[in-house]
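Values quoted throughout were computed directly from the atomic coordinates according to the rules given, and no laboratory measurement underlies them. Just so you know, these numbers come straight off a predicted model, no measurement behind them. Because the Cβ atoms are built from the backbone with ideal geometry, glycine has one as well, and the counts that use them run over all protein chains shown.
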Amino acid sequence: MPTPTDHTCTHRPTCPGPGGLNREAARIVASHPEQGWSLLCNGIVIFDDTGELLPDGQVIAPHRPTTPSAA
């Protein structure tokens with residue numbers, strides 16, 4: 001069984017690891033919209049409020065944009 005720090009992605013191209021700046025671009029491997037979260041290939045749990053739980057247990061606070069985008 002992989003440990004939480006293993007990055008065992010088999011996708012091509014490989015999904016970004018949990019430590020990368022683009023970590024949210026990994027593929028969803030389990031989705032639970034009724035509960036408000038999804039599991040990414042790199043072991044990150046992302047939440048509908050844009051918060052994250054990294055494989056090492058670190059919590060990333062929600063980070064939605066605070067200013068409206070230009071239309």
For the pair GLU34 and THR10, what calculated FRET efficiency results from E = 1/(1 + (r/R0)^6), where r is the Cβ-Cβ distance and R0 = 25 Å, to the nearest 0.05?
0.35
Sequence of GLU34, GLU52 once ranked by neighbouring C-beta atoms within 10 Å, starting from the fewest:
GLU34, GLU52
